[in-house]
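Contents: one structure, followed by commentary.
The values are calculated or read from the model by the stated rules, or taken from the named source; none is laboratory data. Being a predicted model, the structure only gives us computed values, none of them experimental. Quick reminder, even Gly has a Cβ in these numbers, built from the backbone with ideal geometry, and neighbours come from all protein chains shown. Please note that ligands, DNA and RNA were not included when accessible areas were found on the heavy atoms of the full protein model with its side chains. Shrake-Rupley method; radii C 1.70, N 1.55, O 1.52, S 1.80 Å.
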Amino acid sequence: MNSSWFKQVWRLALTAITVLIFFMAIRALYRLTKTVHYQDVLDAIAHIPTFHLIIAAIVVAFGYLVLTIYDFIALRQLGKKLDYRHVALTSFTAYAISHTIGLNLVTASGIRYRNYRRFNLTHNEIANIVWMVSMAFTFGITTLIGASLTSHPEITIQLLSELDKSLGIFEHTFYVRMLGIIMLSVIAAIIVYAGKQGKHVVIRGWRFDLPPAKIVLQQIAIAILDLSTVALVLYLLLPPSEHISYWATFSAFIQSMAIGILSHVPGGLGVFEVVMITALPKVDRTQMLAVLLIFRLLYYIMPFLVALLALLAYEAKLYLSENSDKEK
């Protein structure tokens, strides 16, 4: 009874926090862009070179291809050998849909459960795949956030001041940089703890595996490659400038992504835009809005639509195949 009551209160609290962060982000976004005109944004979009758009789309495709390696490594760690085409379809649809809708535990996990059950994987094995994929991304983005906070702490300070002028949290770069060092130290400790053989954790009767240090390092490397390609998409869409380096864009993106995820707002809508505009003040706000709109289209909307079509086509193919077998 008490446990059920606590869970309900916790869910309500998380929902309230999400809504609060969303409205704070929208308020900040309005304050940052209230002088920007709609037609100016359209003009800025029209001025993005077609070649850059094509290269950005190719980089997005490559990025989603990299994401499939998460599932591939998780399956290999469990000793399961599935056709890469099935793994790629499952991974791509899970990521493309969850990136846009949010609620990863429901969307991405649901897609993985439905698809992998068809290949006779057990509930525990699928839970471990979800666990390892989630941990791989968590380790990777934590490493990158730590590096970003250490090298570009001013981005965090600018962000906090824009979200709420009264927060007054981490006003000095020293504290932000120390937070980054702590995060990197935690990842290093986890790698050492995993050791050569890995570790096992049992939670409510479910066994979860922490892969060996070698696999954890591989997962971190994949996450870095994945997120680096996404940051490259943004960098390609930005107007050429000697004042905007790839690393500054990368750091801004990593912190934007992290805060968007922590906010639990679907797709980090509003939150992501505020961080990017705040983190790259040297970019004209009209131009930045144009870049972010195209980025949303290339990285979220288009893959989401392709994933939906692929999922529907896959389900239709299985349905027709099952009916054909019954008729025989």
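If you take the residues of the range 214-226 that are open to solvent by less than 10 Å² (accessible area, probe 1.4 Å) and in contact with a Gly (Cβ under 7 Å, 6 or more places away or on another chain), which of them is nearest to Ile73 (Cα to Cα)?
It comes out as Gln219.
Tell me, yes or no, whether the range 108-121 has at least one residue that is in contact with a Lys or Arg (Cβ under 7 Å, 6 or more places away or on another chain), modelled with pLDDT under 85 and among the aliphatic types (A, V, I, L, M).
Within the range 108-121 (the criterion being in contact with a Lys or Arg (Cβ under 7 Å, 6 or more places away or on another chain), modelled with pLDDT under 85 and among the aliphatic types (A, V, I, L, M)), the answer is no, since none of the residues qualifies.
Only one residue in Thr278, Thr286, Thr249 is surrounded by 15 or more Cβ atoms within 10 Å (Cβ to Cβ), modelled with pLDDT under 80, hydroxyl-bearing (Ser, Thr, Tyr) and assigned to a helix (DSSP H, G or I). Which one?
Thr278
Which one of these does Gly267 not meet: (1) modelled with pLDDT under 80; (2) surrounded by 21 or more Cβ atoms within 10 Å (Cβ to Cβ); (3) of a type outside the set (Val, Ile, Thr)?
Gly267 satisfies all of (1) modelled with pLDDT under 80; (2) surrounded by 21 or more Cβ atoms within 10 Å (Cβ to Cβ); (3) of a type outside the set (Val, Ile, Thr) except (2).
Residue under question is Val233, and the condition is that it be in a helix (DSSP H, G or I), touching a strand residue (DSSP E or B) at 6+ places or on another chain (Cβ under 8 Å), within 29 Å of Val130 (Cα to Cα) and at pLDDT 75 or above; does it hold?
No.
Could you run through the range 68-123 and say how many residues are assigned to a helix (DSSP H, G or I) and open to solvent by 80 Å² or more (accessible area, probe 1.4 Å)?
So the answer is 11.
Just name the residue that is farthest from Lys214 (Cα to Cα) out of those in the range 98-152 that are among the hydrophobic types (A, V, I, L, M, F, W, C) and in contact with a strand residue (DSSP E or B) (Cβ under 9 Å, 6 or more places away or on another chain).
Ranking the candidates gives Ala127 first.
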